[in-house]
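**Q** There's a structure below that I have some questions on.
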Protein chains: 2
Amino acid sequence: MTSAAAHESKTRLLDAALQVIRAKGYAATTVEDICQRAGVTKGSFFHHFKSKDDLALGATAHWEAMTESFFASAPYHQPIDPLERLLGYVDFRGAILTGDLPDYTCLLGTLVQETYATHPDIRAACDRGMSRHIAELTRDIEAAKKRYAPKARWSAESLGYFIQAALQGSFIFAKAKQSPAVVRENLAHLRRYLKSLFTPQDTAAARSH
Amino acid sequence: MTSAAAHESKTRLLDAALQVIRAKGYAATTVEDICQRAGVTKGSFFHHFKSKDDLALGATAHWEAMTESFFASAPYHQPIDPLERLLGYVDFRGAILTGDLPDYTCLLGTLVQETYATHPDIRAACDRGMSRHIAELTRDIEAAKKRYAPKARWSAESLGYFIQAALQGSFIFAKAKQSPAVVRENLAHLRRYLKSLFTPQDTAAARSH
DNA sequence: GCCACCATACCGACTAGACGGTATGTTGTC
DNA sequence: GACAACATACCGTCTAGTCGGTATGGTGGC
């Protein structure tokens, strides 16, 4: 057995974990749930992972790898103008809202809610993963800010967090309402905010009327 | 024992549930966790609640009652200007970020993430509770819109959802980072967005330059 | 080219403990 | 004495994790 094929079971388990955890939450997900979905046995599971918590850690790493390449190859990076790239990101987030809820919601956001107080290492892994994605996004924000709003008092990073928070919160409402409609509407608000931030404004009263 | 005192145990259980579920999540919370925190026994628990799921439903109702009166008596309602009330709400949400994470995060947001796919009635209860709070908020938004941005194409309700989504998402990051700092920064962005929405704008290019 | 040796991958029955829920009291109040 | 509000002991199930075992494929000695 080649080493690539050798790890197929492990990959299947990780893929299964992403789906099941996003659907049922971490605590309610049983090892056998994941094994069943992956089509492997418990023996195989515990061969690849020390424990359920170890799987969670593996799942966050797997998630990071998947999402990083997914976003890296997305089309919104093409424009030369950084603001266009940023708005392209927001639009892209709207465009990928297909399939069922577990298909487009965020593993890390789900996971951290359940584990922040009880599983320090999982919490830290979620924090790292989300922060890394935001750091990537922040590069475009920084560039857009330099060009369109160099004097603004908000930081590029804080705006990156705001965008992600709006997304994460939108997912909560999508779950509550069983529909991505609210995500789309919130992305429209986000887009409007971004445009207002990057549209050079005369200060306060310096307008007609 | 009076009927008020008679329900003291039940209230203690509900209060305990709010805390423990927000800290550990619903699935990871055991009935005994809640009993211990409430200082009552399991017998008492199952006297008042048919099941753990029944407690969750009770907890959402309890949460709604608590938060409704909490926000109803908050000071931000006083201004006559609806925009001031709305900005007052945002500021108020920043002012109440005290204590530990489970003290200021939202039960319903936590709960719905874990239960949306597996517990239809709990999901529906969370949806109802969050929507009710938003409906309340939407009244001020509607009034502010009528006065300051009557022609704007966004709906008052969608803005209510956006505000709540930003809050819920901020709580996720607060948990990841173990600090409410990011919530405060996001509220600052939110405030900036609201001000921009309600500041009458000349259309597009009708500016200097 | 064969075989002993070994590591990795995988299997599935089993266990110990945790947990939701129940059955059976006990106590106090009207 | 009836009923609500507890309390305690207990039960059955579910589940993370274990453990002895098998299959497969690679490696080195001869």
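The values are calculated or read from the model by the stated rules, or taken from the named source; none is laboratory data. The shown structure was predicted, so the numbers you read here are calculated from the model rather than taken from an experiment. Here the Cβ positions follow ideal geometry from the backbone for every residue, glycine too, while neighbour counts run over all protein chains shown.
**Q** Among the numbered criteria (1) more than 14 Å from every other protein chain (Cβ to nearest Cβ); (2) of a type in the set (Lys, Arg); (3) within 15 Å of DNA strand C (Cβ to nearest atom), which one does B:Lys52 miss?
**A** With (1) more than 14 Å from every other protein chain (Cβ to nearest Cβ); (2) of a type in the set (Lys, Arg); (3) within 15 Å of DNA strand C (Cβ to nearest atom) applied to B:Lys52, the lone miss is (1).
**Q** Can you spot a residue in region A:81-98 that is within 16 Å of DNA strand D (Cβ to nearest atom), more than 14 Å from chain B (Cβ to nearest Cβ), of a type in the set (Ser, Thr, Tyr) and over 13 Å from the mean Cα position of the chain (by Cα)?
**A** No - not one qualifying residue is present in region A:81-98.
**Q** With at pLDDT below 95 and in contact with a helix residue (DSSP H, G or I) (Cβ under 7 Å, 6 or more places away or on another chain) as the only criterion, which of A:Leu107, A:Leu13, A:Leu87 stands out?
**A** Details: A:Leu107 fails: at pLDDT below 95; A:Leu87 fails: at pLDDT below 95.
Only one candidate qualifies: A:Leu13.
**Q** Another question about this same structure. Please go through region A:146-173 and pick out each residue that is in contact with a Ser or Thr (Cβ under 7 Å, 6 or more places away or on another chain), more than 7 Å from chain B (Cβ to nearest Cβ) and surrounded by 24 or more Cβ atoms within 10 Å (Cβ to Cβ).
**A** Across region A:146-173, the qualifying residue is only A:Phe171.
**Q** Of all residues being in a helix (DSSP H, G or I) and surrounded by fewer than 21 Cβ atoms within 10 Å (Cβ to Cβ) in region A:51-60, which is nearest to DNA strand D (Cβ to nearest atom)? Just the residue, please.
**A** Going through the qualifying residues, I end up with A:Lys52.
**Q** Among the residues of region A:96-113, is there at least one that is within 16 Å of DNA strand C (Cβ to nearest atom) and either of a type outside the set (A, V, I, L, M) or not in a helix (DSSP H, G or I) (or both)?
**A** no
**Q** Moving to a separate point now. Of all residues in region B:118-151, count the ones that are touching a Leu at 6+ places or on another chain (Cβ under 7 Å) and outside any helix (DSSP H, G or I).
**A** Adding up the residues that qualify gives 1.
**Q** Can you go through A:Tyr76, A:Tyr26 and tell me which one is more than 8 Å from DNA strand D (Cβ to nearest atom) and either surrounded by fewer than 14 Cβ atoms within 10 Å (Cβ to Cβ) or within 14 Å of chain B (Cβ to nearest Cβ) (or both)? I'd like the intermediate steps shown before the answer.
**A** On the way: A:Tyr76 fails: either surrounded by fewer than 14 Cβ atoms within 10 Å (Cβ to Cβ) or within 14 Å of chain B (Cβ to nearest Cβ) (or both).
Result of the check over A:Tyr76, A:Tyr26: A:Tyr26.
**Q** So is A:Ser69 more than 16 Å from DNA strand C (Cβ to nearest atom) and either out of contact with any Lys or Arg (no Cβ under 8 Å at 6 or more places or on another chain) or outside any helix (DSSP H, G or I) (or both) or not?
**A** Considered against the rule, which asks whether it is more than 16 Å from DNA strand C (Cβ to nearest atom) and either out of contact with any Lys or Arg (no Cβ under 8 Å at 6 or more places or on another chain) or outside any helix (DSSP H, G or I) (or both), A:Ser69 comes out as yes.
**Q** If I ask for residues that are under 26 Å from B:Leu83 (Cα atoms), of a type in the set (Gly, Ala, Ser) and free of Cβ contacts under 8 Å to residues at least 60 places away in the same chain, which ones from region B:111-142 would you list?
**A** B:Ser131, B:Ala135
**Q** Could you check region A:29-46 and list, in sequence order, the residues that are surrounded by 13 or more Cβ atoms within 10 Å (Cβ to Cβ) and within 10 Å of DNA strand D (Cβ to nearest atom)?
**A** A:Thr29, A:Val31, A:Asp33, A:Ile34, A:Cys35, A:Thr41, A:Ser44, A:Phe45, A:Phe46
**Q** Residues of region A:174-187 being in a helix (DSSP H, G or I) and either at the interface with another protein chain (Cβ under 7 Å from one of its Cβ atoms) or touching a helix residue (DSSP H, G or I) at 6+ places or on another chain (Cβ under 6 Å) (or both), which ones? Step through it out loud before you land on a result.
**A** Start the filter on region A:174-187 by keeping residues that are in a helix (DSSP H, G or I), which leaves A:174-177, A:181-187.
Across region A:174-187, the qualifying residues are A:Ala174, A:Lys175, A:Ala176, A:Lys177, A:Val182, A:Val183, A:Arg184, A:Glu185, A:Asn186, A:Leu187.
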